[in-house]
Every structure is written in C-alpha cells, then in structure tokens.
Amino acid sequence: MSFLGRLFDQYRRAEGFDEAFRSDGTVRPHYEQVVRSFEEIDADELRRMEGVVADEFRRLGITFTVYNDDEGIERTWPIDLFPRIIEAAEWKTLETGLKQRVKALNFFLSDLYVGEGAALSDGVVPEWVVKSSQGFERNAFGIQVPYGAHCMIAGIDLVRDGAGKYAVLEDNLRNPSGISYVVENRAAMVKAIPRIFDDHTVEPVDQYGEMLRHALEAVAPPTANERPTIVILTPGVYNAAYFEHAFLARSMGVELVEGQDLVVDDQVVYARTIHGSLPVDVIYRRIDDNFLDPVAFEASSSLGVPGLLGAMRAGTVTVCNALGNGVADDKAVYPYVPDMIRYYLNEEPILPNVETYVMWDQDQKAEALDRLDQLVTKPVAESGGYGIVIGPHASETELEGARKAIEEDPRNWIVQEVVQLSSLACLSESHLEPRHLDLRPFVLTGERTEVFPGGLTRVALERGSLVVNSSQGGGSKDTWILADQTEVPA
Amino acid sequence: MILARHAESLYWTGRYLERAEVTSRWLDVASRFNAHVLPEDGAAEWQGLMRALGAPLLGADLGDGAFDQAAVSTLLLADPSTVGSVSSAIEALRDNLRVVRDRVPVELWEEVNRLHFGLEQSATASRQDRAHHHFSRTVREGCQAISGVLSESMMRDEGHAFIVIGQMIERSILTVGLLRSALTNTVTSFDSDRVLRSSSALQSYRRLHGHRATSQSVTSFLLRTPELPRSVLSCLLNAERRLNVVDPGSQRTAQTRRLAGRIRSGLEFGDFDLDFDDRIISLLTDLQQDLWRLGDTLSSEIFRPLGEPLLHAQYIRPGLER
C-alpha cells in the first residue's frame, strides 16, 4: 500500500528506523489502518482535533511545569494524535525483557542494602563505583522491603536503533513520572478521534490505579491490617508533577498527603485527620530521598516527615520506592546491568544496553575521547536531558568542554554510541513529518513483577532532534499495544 | 479517612464558592436599584454594598471617579487583587480545590477551571460594554454548574459535608451583613424588595406574605424561616446536620456544635420582635460575631487541633528511647 493522502504529501523518512514506513515507502502492516484513517483527514481537521484535546487538557488541568531560570511555567501537556503502535508479539518480548531487567535490579538493591553485597565482592559491579554514587544511601542498610521490591515502580527508557532493535537507554528507579499522561493521552484520543480505534483491539490503560494499589497493598508491613492505609506523599501543589500525584491518589482512592500531614510517634507514622491521628502503613512517596526526613537528611527540608527513617527501620511502614535506589539507576552503574542479569538470574539479557564507554577504563576512555564528535557524552547524575552533549550536533567548544570535564572527573561521565532513534509521523504545520521518539514503559513490582501495557512515548519537537524530554519541549503520543489476536478466531 | 488539611481546604472551597455567587448577585441587584437613585446617593449605596461585603474602601484605587457602578464593578468583579472581589473569591476557590482535586469529582475541578478561564474573556467583554452583565452571568452560571456537580456527583461523605458547612457559614454571615447594611442605611430607607432580591427570596416572600413588607417582617423572614434555603436558621440547621456526618459521636466537635446549637436556638426561640427598632442592630452585630466565631471554633477544633507551630516540632531521633 502506498500513501497518497494530503497529510502524507510531503512525508520524507528521517534517518534511522521509521515505525510506520519501510524504506521503500510501503506501510508496515500494523500501521496500515491508521495510515488509511489519517489519509481521510485533512490538516485543518487534525488541527481542530488537537484544539479539542488541548482545551480538554487545559480545563482538566493536565499540565506540567517547566523550570527556566528558577521560574516555573505551567504548560498544557502536549500530545500528537498519530498513535504509536506496537504489535502483540513485539510487546511480549519487550515485556519479558523489562521484567528480567527490573528483577535483576531489585536483586542488586536487596543484595547491596540488606544482603551480603555479593555482587560487589564477586566483582560484578566495582565497589568503588557503587560507593561513590550520589544515589548510594548508607541509611538504607538493613531496611527490609517486603518481596525485595526496592524498586516498586520503575520507568525504563527504551529506544530503537537504525534496524529497529530495542535497547535500554536509561533506568529510572527512583520517582519515574509520566504514567498519568499515558492514561490521559488515551482518554483524549478516544474523545478526539474515536474512529481510528474501530479497526483495532488496543490493550486498555485504565487499570493502572488498580494495579498500583494492588502492588502497594502487597508490600504493606506485617503490622498493617487487611486493608492497609496507603498514602501518596507529594511535595505539594507547586511541584512539576503535582497533576500526576493527584491523578494517582484519585485513581487508587487513597489520600494525597504532604509532609506536614504526617507525624511520627514512637516509630509509627500517623496521618493527621479530622478524627485525630490514624496510622499509615504504606507511603508512595514522590519526593527525593534527601527530603524524606529532616532529621536524617536535608535538615532544612519541610517536605518530609521528621522521624520517618526511624519508622522505616522499625518496620512499621513501607516507603515506596525504597531508600537508596538512586545507586542502581546511576548512569555509571548502568553499564553493569547486563552483567547483573547474568549474575542474579543466570540468563542472557533480552534487552541490551546502548553501547557505553566508561571513563574509568583507560582503553575505553581513549577510544571515546578520540571519537567524541561521533558519540554522546552524558553526566551520570543528571536527568531530564540536562548536560548532554550529542557529538554530531555539538560545536567544537562544546566538545572541548566535554573532553575537559571527562578528564577532570571521569566518574562523573559516560559516553555512548549515538542511537539514531526511531521516528514516527507527527503533525507539523499542515502535514505529517517524522519525529524521533522513545518509549518509557512502567514496571511494577509487588508480589510479582508486571509490566503495564504500553508506556509513555515521547517525541522530539524538531525534525532531526534526538531530545525527547518534555522539559526540553518534547511532545508525546498515545501508545497502543495491540491485543494478541491468536486466540480469537476470525 | 480525611486529612485535617484537606477538610480545611474543602471548607474554604465552600465558603469561596458561596461568596463568589452572592457577591455577583448583590452587584446585579445593586445595579438595578442604583440606576434609579440620584448619582450622589448612588455613591453612598455602592459604599454600603462594599461595606456589607467587607471589602476595603481605603486604598482602593478609584482614580478620580467616585463610587459609581463602573468603578465598583471593576473593583468587585474583575480585579483579583481586591480583597472580596468575585475574581479573588474564584481564584481562592480554585487554589483550595486544587489541594483536594484528587478527592472531588473530576467534573468539579473541570467546572472550576472552566469558570477560571471564562472569567478572563468575560472581563474583557464587560469592560467593552462598560457593564458587568457578561461577567456576572459567567460567574453565576459557573457557580451553578459547580453546585450541580456537588449535588449530583459527589458522595455525601465528610468531604462533601465540609464544603456544605463552608457554604452555610458564609451564606449566613453574608445574609446578616446584608440586613445590617440595609437597616443602617442612612441614605434611603429600608428597601425590602432590594434586600429580598439580594437573597433570592423576593418571590418566596410574596407568595407567603404578599406585598406587605416591613423591615421587621423581612428581617424575620431572612433570619428565621426554616423552609427558606438562604435564611440563617436554615443554614445553621443544615450545618448542624453536616457536622453530624463529620463527627457522629460529637467527640471532636463538641464546642462547634454547642455554639451552632446556641445560635440556632437563639434564632428559633429568641424574641426578635420585642423593641425591634431599638435592639435589632445590636442583635445582628452579636449574631454576626457569633457566626464568625463558629468558623474559628471549627478551625481550632478540627482543622488545626495541634496548632500550626507544633506541626514540625515533634522530632524523634531514630533509634532513641523516649
């Protein structure tokens, strides 16, 4: 099938793998119907639909905050209406690979904080890398987590190379955000262009609240009764992700608390309610380790709860994600994750890493510095796309700066091969153009590890750009996982 | 379970919702009546309205102009920085609701946002017309939509109860303020039609008492008619019912309930007709103060029982015996 419709008139494939179109211009089978539907739409109509969604998002307050020079600007969540589609079989592989990876990461965290540290003594991960990590948290030692679910909610960023092969770009094991947008994107799509769903069976995404609540109930401490009291701890209404915090509280039917609402007495956490103090069993916290407890960490923080660490130690409350997860999503530890999988699970990694050079290995460093203009240089402790130098797009001054920074503090940098992210059609002006994108699926661990169907697809703002972070102006797409049709007779 | 902080936000949501709606209604009624008085009297009338609302008269930037409908409209409607303006009430309503948006129906948050975004447009239209009609209508329709969601979509739980308690307390305070302002008006004599219309009670009054209206009968009607949803007595009865939802055993709201009961029985059984003209102003003054105190008592009993300074003072060192 070829594409002739107006919206596709000027479509020129970008470099790398196109999710919908083969290199000869034909449409991949799982995109055929959607492409056909979009051929019947003209740009004005699509613009109007986008307007409908934007109004809806604005009225519902589906926003995020961008910080620029310390000034917060509230933006409406950007969504492009051309969906990203993943076939059932492909998703199965991703699902298995994601579970495998998160299981290994959880084993590593358990091993490190409540076990013997076997991976360190066996040399799977260099001890000095672990102990010099900003995310390494001595206070986490000895704090038991039910089912070893240190990372209860993980967001794993996946990209596809030129051949369409998936790889893990980054693990987010502390406070990965974005799940609310997955759910709201779908709701908006169903409102704006319901007809494109007609020919597909798409896995629903409404069940996230139930899944999360189930996982949170599973990790309640033994002191909790049958229906544990769960709360979400938010930094408050001014936080960039406040919408998501409120969304999660609503979809789980639990209280959204701030630090000031909780109080610790005799190593038990209580919520200050109108009926006095009521004990709390599980805290899904959306604040960083450093602000959790002003007694143990950042003393000036008013976001946390004094005495919370003591309660965690006493085992009267479970805090999710657990303390100290930052060590495992440190980009300097990332190169060792495939080895963790082999070590703990005795399996070959299903999802590979992006090829990465560590700067504390002289050979790797020499090679990387030599080809820095072809590689991506990343600071290990930043997130949100900050501080990244993309070699092919960087000026000589930027590259020189990166070289100098690496020489000064090799521990602080990793260098990776450029992944020519895959691309997909997005509406730009009056026609569809390819934009690069990634995928952040969410992996939940309670009694068992489960992958939420789909995930957040983030797209770059400009043609050719490889930066997809919403804080850098990127957008998003609804992500469809097609249901497995093998059991349904035609 | 409901957090004390959330309960407080819901309570203020109710208060600001009521305030926004009442203020815009009063302005509409005032415009209608003040169009028929002499300009110099009109200014005094507008000042009376500002006073009844508790809006500050000093420091308000009126330029050269005196109090007239355009100036007051600008101040009381569209200026979010004027304390007591409709805009400020809606902003405060939204700020409070944002804190609890996870526990109220999505439609409620949506309606409040719609109103918030609609105000900007209406303010422009009103400025162009030099009339606040657009603006008032947006506010009233918005408030009615919000009330509709509250009544049809929200579970009658503690959260709902706190919104209603807030509405009832605000409504009764404003009704008493309206009566006081009308009874102490030095420019024109007590205008029963205007007072009744301001309380959305004109029709009801006429059905019951026809066109015979005195300051005494109107005052009594607005204070003590249990069937009239805007009467102070009705508000108190409603608030007491909601307190029962919040705290059935009356364990944590004893003072609030005692005070509410005392005010309510004063209205039910008090002799307002005795020496009406001499005593009514001081009675209303006392009543208004009692109503203010009712809000404060609720706050100190339920919302902030430990007091703000104690909030973060309870430091417990991990692992230390106490």
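Tallying residues that are part of a loop (DSSP other than H, G, I, E, B) and over 19 Å from A:LEU216 (Cα atoms) within region A:297-354 yields 25. Exactly one residue among A:MET312, A:MET340, A:MET359 is away from chain B (no Cβ under 14 Å), in contact (Cβ under 8 Å) with a residue 24 or more places away in the chain, farther than 26 Å from A:LEU98 by Cβ and within 27 Å of the chain's Cα centre (by Cα), and that residue is A:MET359. Give the residues of region A:262-317 that are of a type in the set (Lys, Arg), within 19 Å of A:MET152 (Cβ to Cβ) and in contact with a helix residue (DSSP H, G or I) (Cβ under 6 Å, 6 or more places away or on another chain), sorted by residue number. Across region A:262-317, the qualifying residue is only A:ARG286. Determine whether A:TYR242 is over 30 Å from A:TYR31 (Cβ atoms), out of contact with any Cys (no Cβ under 7 Å at 6 or more places or on another chain) and at pLDDT below 95. When the stated conditions are applied, A:TYR242 passes them.
Tell me the residue from B:VAL164, B:VAL187, B:VAL149 that is buried (at least 20 other Cβ atoms within 10 Å of the Cβ) and not acidic (Asp, Glu), please. The unique qualifying residue is B:VAL164. Checked against the criterion of being part of a helix (DSSP H, G or I) and charged (D, E, K, R), region A:156-167 contains not a single residue that satisfies it. Looking at A:ARG47, A:ARG75, A:ARG84, just one residue is in contact with a strand residue (DSSP E or B) (Cβ under 9 Å, 6 or more places away or on another chain) and crowded, with 21+ Cβ neighbours inside 10 Å, and that residue is A:ARG84. Being under 26 Å from A:SER177 (Cβ atoms) and either among the small types (Gly, Ala, Ser) or in contact with a Pro (Cβ under 9 Å, 6 or more places away or on another chain) (or both) holds for only one residue in A:LEU292, A:LEU303, and it is A:LEU303. Return a yes/no flag: does region B:104-122 have any residue that is more than 14 Å from chain A (Cβ to nearest Cβ), within 27 Å of A:THR273 (Cβ to Cβ) and at pLDDT 90 or above. Scanning region B:104-122, I find no residue that is more than 14 Å from chain A (Cβ to nearest Cβ), within 27 Å of A:THR273 (Cβ to Cβ) and at pLDDT 90 or above, so the answer is no. Within region A:251-270, residues that are more than 7 Å from chain B (Cβ to nearest Cβ) and at positive phi have Cβ atoms under 6 Å from residues that are assigned to a helix (DSSP H, G or I) and surrounded by fewer than 21 Cβ atoms within 10 Å (Cβ to Cβ) in these pairs: A:GLN267/A:ALA314, counting only partners at least 6 apart in sequence or on another chain. Cβ-Cβ contacts under 9 Å between residues 6 or more apart (or on different chains), taken from a first residue in region A:366-381 that is part of a helix (DSSP H, G or I) to a second residue that is of a type in the set (D, E, K, R), are listed as A:LEU369/A:ARG403; A:LEU369/A:GLU407; A:LEU372/A:ARG403; A:ASP373/A:GLU396; A:GLN374/A:GLU417. Within region A:268-286, take every residue that is outside any strand (DSSP E or B), at pLDDT 95 or above and of a type outside the set (Lys, Arg) and give me the one that is nearest to A:VAL327 (Cα to Cα). Checking each candidate, the answer is A:ASP281. Out of all the residues in region A:180-188, is one or more among the charged types (D, E, K, R) and over 15 Å from A:VAL319 (Cα atoms)? Yes; the residues of region A:180-188 include at least one that is among the charged types (D, E, K, R) and over 15 Å from A:VAL319 (Cα atoms). Within region A:47-55, can one find any residue that is under 19 Å from A:VAL182 (Cβ atoms), part of a loop (DSSP other than H, G, I, E, B) and among the acidic types (Asp, Glu)? Taking every residue of region A:47-55 in turn, none turns out to be under 19 Å from A:VAL182 (Cβ atoms), part of a loop (DSSP other than H, G, I, E, B) and among the acidic types (Asp, Glu). With respect to the conditions (1) modelled with pLDDT of 95 or more; (2) within 14 Å of chain B (Cβ to nearest Cβ), A:PRO235 lacks only one, and its number is (1). Scanning region A:271-282 for residues that are more than 10 Å from every other protein chain (Cβ to nearest Cβ) and buried (at least 24 other Cβ atoms within 10 Å of the Cβ) yields one hit, A:VAL282. A:GLY326 meets all of the listed conditions (1) more than 11 Å from chain B (Cβ to nearest Cβ); (2) buried (at least 24 other Cβ atoms within 10 Å of the Cβ) but one, namely (2). Checking the structure you have, find out if any residue of region B:256-269 is crowded, with 18+ Cβ neighbours inside 10 Å, touching a Lys or Arg at 6+ places or on another chain (Cβ under 8 Å), hydroxyl-bearing (Ser, Thr, Tyr) and under 20 Å from B:GLN289 (Cα atoms). No, region B:256-269 contains no residue that is crowded, with 18+ Cβ neighbours inside 10 Å, touching a Lys or Arg at 6+ places or on another chain (Cβ under 8 Å), hydroxyl-bearing (Ser, Thr, Tyr) and under 20 Å from B:GLN289 (Cα atoms). Scanning region A:198-232 for residues that are in contact with a Cys (Cβ under 9 Å, 6 or more places away or on another chain) and modelled with pLDDT under 90 yields a count of 0. A count restricted to region A:426-440 and to residues that are out of contact with any Lys or Arg (no Cβ under 8 Å at 6 or more places or on another chain) and either part of a strand (DSSP E or B) or buried (at least 24 other Cβ atoms within 10 Å of the Cβ) (or both) stands at 2.
Select from region A:285-307 the residues that are within 13 Å of another protein chain (Cβ to nearest Cβ), closer than 21 Å to B:ILE2 by Cα and not β-branched (Val, Ile, Thr) and list them in ascending order. Selection gives A:ARG286, A:LEU303, A:GLY304. The residues of region A:420-435 that are within 21 Å of the chain's Cα centre (by Cα) and either closer than 11 Å to A:VAL459 by Cβ or at pLDDT 90 or above (or both), listed by number, are A:LEU421, A:SER422, A:SER423, A:LEU424, A:ARG435.
The values are calculated or read from the model by the stated rules, or taken from the named source; none is laboratory data. Because the structure is predicted, anything quoted here is derived from the model rather than measured. Cβ atoms come from the backbone with ideal geometry, glycine included; neighbour counts cover every protein chain shown.
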